[in-house]
Amino acid sequence: MIKSRICELTGIKYPIFQGGMAWVSDASLASAVSNAGGLGIISCINADVETVHNEIIKCKQLTDKPFGVNIMLQSPTAAAVAQIVVDEKVPVVTTGAGMPTPYMEQWLKAGVIVIPVVASTAIAEKMERMGASAVIAEGGESGGHIGEMNTMALVPQVCDAVKIPVIAAGGIADGRGMAAALMLGAEGIQCGTRFLSATECTIHETYKNKIIEANDTATIVTGKSLGHPVRSLKTPFSRKFADMEKDPSQTDQAIMEFGSGSLRKAVKNGDVKMGSFMAGQSAGMVKKIQPAKEIIEEIIQETETLLRGTDKYL
Ligand code: TUI
């Protein structure tokens with residue numbers, strides 16, 4: 001049985017978090033992950049604040065286990081969701097794409113467990129000083145908005161930099177990734193891409209199929225020139241976006257307008273031309289649609305087998 005400080009801290013059975021994916025992570029997916037013993041996480045990026053609030057209420061009806069809400073700090077709804085989390089007594093908050101400084105005091109006062117996503121040791125140290133209970137060290141293998149460092153180098157350095165537990169994210173989709181993350185010093189993992197194929201994940205069928213068909217080189221990073229790199233599947237949309245970034249006659253504003261609403265088009269409509277199918281480099285390891293419980297149990301089983309077999313190297 002794999003146990004760590006993350007289980008004690010959050011009250012979950014297995015130290016596996018489901019990433020808070022914009023437009024994707026709703027009550028259906030989060031409750032399925034939480035019911036299976038992991039930590040399901042609802043994303044704050046959705047149509048509007050009311051939708052997020054409703055997803056939180058729905059999640060409470062679908063599970064009596066702990067769950068979390070992810071707050072993307074650049075979202076215009078971040079402040080409103082920060083308050084809803086307190087009002088609804090959501091047990092865990094994860095944050096992404098910035099510093100949660102303005103909300104820390106209100107969350108800590110309310111007893112919310114705060115676990116920020118960090119992409120460097122400096123930010124991890126700051127988060128520890130601010131009262132974070134753990135950090136998620138996310139490498140650039142991840143889908144969506146990413147930092148500069150990769151998981152293999154980032155995780156051990158963050159583990160050395162802080163005393164609070166570290167959860168590894170980025171490129172982890174099976175027991176091999178989880179066992180490796182534990183060896184790097186992490187006490188848990190967060191998976192996003194693997195859960196895109198969960199039965200309970202409500203994204204468009206086309207999105208799921210594209211993940212299942214993806215191989216190791218199926219993703220591309222765009223948005224570097226705009227200061228916010230994003231990893232997604234190679235599609236007509238993402239290739240055009242990359243071309244526009246290289247074209248000196250294009251303004252940043254024109255590029256941003258081209259990208260606006262593209263994630264929603266992928267998630268809701270399965271729009272293969274104009275959709276942004278955010279996914280991590282682990283997409284090539286995702287082979288089938290299966291219930292969240294099966295995904296979690298498979299990862300745990302594989303990890304245990306691998307950890308038991310480590311003497312073969314000694
Ligand atoms: O936030 C993410 N991944 C995301 S957010 C997102 S929403 C979106 N929608 C449309 C277009 C673009 C984005 C999709 N994917 N991951 C967590 C994460 N946080 N990755 C990197 C960081 C991060 C970076 C810098 C955390 C803290 C940080 O602080 C440094 C600073 O200077 O603010």
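The values are calculated or read from the model by the stated rules, or taken from the named source; none is laboratory data. Everything numeric here is computed off the predicted structure, so don't read it as measured data. As a convention, Cβ positions derive from the backbone with ideal geometry for all residues, glycine included, and neighbour counts pool all protein chains shown. The protein model used for the area step is the full one, side chains on, heavy atoms only, and it has no ligands, DNA or RNA in it. Shrake-Rupley method; radii C 1.70, N 1.55, O 1.52, S 1.80 Å.
Within the chain, the percentage of alpha carbon pairs spaced more than 27 angstrom apart rounds to 38%. Classify the range 143-188 as rounded, prolate or oblate, taking a ≥ b ≥ c as the square roots of the eigenvalues of its Cα gyration tensor: rounded when a/c is under 1.5, otherwise prolate if a/b is larger than b/c and oblate if not. Cα axes put the range 143-188 in the oblate bin.
Summarising the amide proton neighbourhood of Ser25: residues at separation of 5 or more, or on other chains, whose placed amide H is nearer than 5 Å comprise Ser43.
Here the chain exposes an accessible surface that is 53 percent carbon and sulfur, computed with a 1.4 Å probe and the other protein chains kept in place.
Excluding ligands, DNA and RNA, the accessible surface per residue across the range 1-145 is 37 Å² with a 1.4 Å probe. For the range 155-237, the Cβ-based charge dipole about the Cα centre amounts to some 220 debye (Lys, Arg positive; Asp, Glu negative; other atoms uncharged).
Summing charges over neighbours of Thr10, with a neighbour being any other residue whose Cβ is under 13 Å away from its Cβ, gives +2 when K and R count +1 and D and E count -1. If you look at the Cα atoms of the range 1-143, you get an Rg and a Dmax of 13.8, 41 Å.
Taken per residue, the accessible surface of the range 219-278 reaches 52 Å², heavy atoms only and a 1.4 Å probe. Taking amide H positions as modeled 1.01 Å from N, with prolines and chain starts lacking one, the residues under 5 Å from Phe67 and 5 or more places away or on another chain are Val92.
Summing Cβ point charges (Lys, Arg +1; Asp, Glu -1) relative to the Cα centre of the range 186-304 gives a dipole of roughly 480 debye.
Neighbours of His228, meaning other residues whose beta-carbon lies under 14 angstrom from its beta-carbon, give a summed charge of -1 when Lys and Arg score +1 and Asp and Glu score -1.
The value for the range 219-278 of Rg(Cα) / (2.2 N^0.38 Å) is 1.02. Computed 3J(HN,Hα) for the range 105-112, one whole-Hz value per residue from the Karplus formula 6.51 cos²θ - 1.76 cosθ + 1.60 where θ = phi - 60°, is 4, 5, 6, 5, 4, 8, x, 6, glycine and proline marked x. Here's how it looks for Leu39: its modeled amide H is under 5 Å from those of Ile16, Phe17, Gln18, which are all 5 or more places away or on a different chain. For the listed peptides 100-111, 232-243, a ranking on the average number of other beta carbons within 10 Å per residue, highest first, reads 232-243, 100-111.
Whole-Hz Karplus values for the range 161-175 come out as 7, 10, 9, 5, x, 10, 10, 8, 9, x, x, 9, 9, 8, x Hz, taken residue by residue from phi with 6.51 cos²θ - 1.76 cosθ + 1.60 and θ = phi - 60°; glycine and proline positions read x.
Sequence-ordered 3J(HN,Hα) estimates for the range 214-222 from the Karplus curve with 6.51, -1.76 and 1.60 and θ = phi - 60° stand at 5, 10, 4, 9, 7, 9, 9, 9, 10 Hz, glycine and proline given as x. The value of relative contact order for the chain, using C-alpha pairs under 8 Å at least six residues apart, is 17 percent.
Counting charges near Ser197 (Lys, Arg +1; Asp, Glu -1) among other residues having Cβ under 10 Å from its Cβ returns a value of +4.
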